[in-house]
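Step one of this worksheet: look at the structure below.
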Amino acid sequence: LAIQAACGGAGGGGSTAEDGGAPSGFTIDLPVLPADARADKFGIWPFGAHGAGHTYDGGHPGIDLEFAPGAHVYAAADGIIDSVMADAYDPSKTTLQIRHPFGSRTYRTVYTNLEEPVVVAGAAAIRGQPIGKAGAAAGSLPVYHVTHFQLDDFGFTNPTPGVSNPYAVDPVPFL
């Protein structure tokens, strides 16, 4: 709940299909133990993970969770691991995507800046299963161990101004 408050959310399992959110019932877990992390808000660039003066012109399509060094990152919901690949911003780190079919909709959780992934593409993911460890953010001073956590809803287009991914939704209401 502390993470929800920090992110500006109150929880509640998602919004309704009518208001552009999820159908009732789809929920996710925070991919880290709350005592191990702090977070920023959806759509706003992180709290310093990329150093002073860093800008990101595409909006921020997720939340960044700052972890204690070596903290485990967990699957937020049951699904299928779609990809485990080199991170676009730091090839020494890993980006992992998990697909979550839910009724007539498909969701995807994205975890970037991971170290030591322990899952492979094509495998089943179980809610709460360790998937890797938080990595140190590239170029950050001081060093932050941050995982970008993103929730995509392929059933609607996000109207949030400035968010670069049209399927990205704020994950906090789904907690």
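Yes or no: segment 69-87 includes at least one residue that is under 17 Å from Ala134 (Cβ atoms), in contact with an Asp or Glu (Cβ under 6 Å, 6 or more places away or on another chain) and surrounded by fewer than 22 Cβ atoms within 10 Å (Cβ to Cβ). So far as segment 69-87 goes, yes, one or more of its residues are under 17 Å from Ala134 (Cβ atoms), in contact with an Asp or Glu (Cβ under 6 Å, 6 or more places away or on another chain) and surrounded by fewer than 22 Cβ atoms within 10 Å (Cβ to Cβ).
Would you confirm whether any residue within segment 139-148 is within 18 Å of Ile81 (Cβ to Cβ), open to solvent by less than 60 Å² (accessible area, probe 1.4 Å), at pLDDT below 90 and within 18 Å of the chain's Cα centre (by Cα)? For segment 139-148, residues within 18 Å of Ile81 (Cβ to Cβ), open to solvent by less than 60 Å² (accessible area, probe 1.4 Å), at pLDDT below 90 and within 18 Å of the chain's Cα centre (by Cα): present. Which residues, taken from segment 66-88, are part of a strand (DSSP E or B) and more than 26 Å from Gly122 (Cβ to Cβ)? If the condition is that a residue be part of a strand (DSSP E or B) and more than 26 Å from Gly122 (Cβ to Cβ), then Glu66, Phe67 are the ones that fit. Right, Leu30: touching a Phe, Trp or Tyr at 6+ places or on another chain (Cβ under 6 Å), modelled with pLDDT of 50 or more and under 16 Å from Gln150 (Cβ atoms) or not? The answer is no for Leu30. Among the criteria (1) modelled with pLDDT under 95; (2) part of a strand (DSSP E or B); (3) open to solvent by 50 Å² or more (accessible area, probe 1.4 Å); (4) farther than 20 Å from Ile28 by Cα, the one Lys133 does not fulfil is (4). Restricting to segment 91-103, name every residue that is more than 13 Å from His148 (Cα to Cα), buried (at least 16 other Cβ atoms within 10 Å of the Cβ) and touching a residue at least 24 places away in the same chain (Cβ under 8 Å). The answer is Ile98, His100, Phe102.
Here's the yes/no breakdown for (1) under 23 Å from Tyr167 (Cα atoms); (2) modelled with pLDDT under 95:
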position: Ala75; (1), (2): yes, no
position: Ile81; (1), (2): yes, no
position: Asp87; (1), (2): yes, yes
position: Thr95; (1), (2): yes, yes
position: Arg99; (1), (2): yes, no
position: Ser104; (1), (2): yes, yes
position: Asn113; (1), (2): yes, yes
position: Val119; (1), (2): no, no
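The values are calculated or read from the model by the stated rules, or taken from the named source; none is laboratory data. Predicted model, so just to flag it, every value in this text is computed and none were measured. Methodologically, a virtual Cβ is constructed for each residue, glycine included, from the backbone with ideal geometry; neighbour enumeration extends over all protein chains shown. Ligands, DNA and RNA are excluded from the accessible area calculation, which covers all protein heavy atoms including side chains. Shrake-Rupley method; radii C 1.70, N 1.55, O 1.52, S 1.80 Å.
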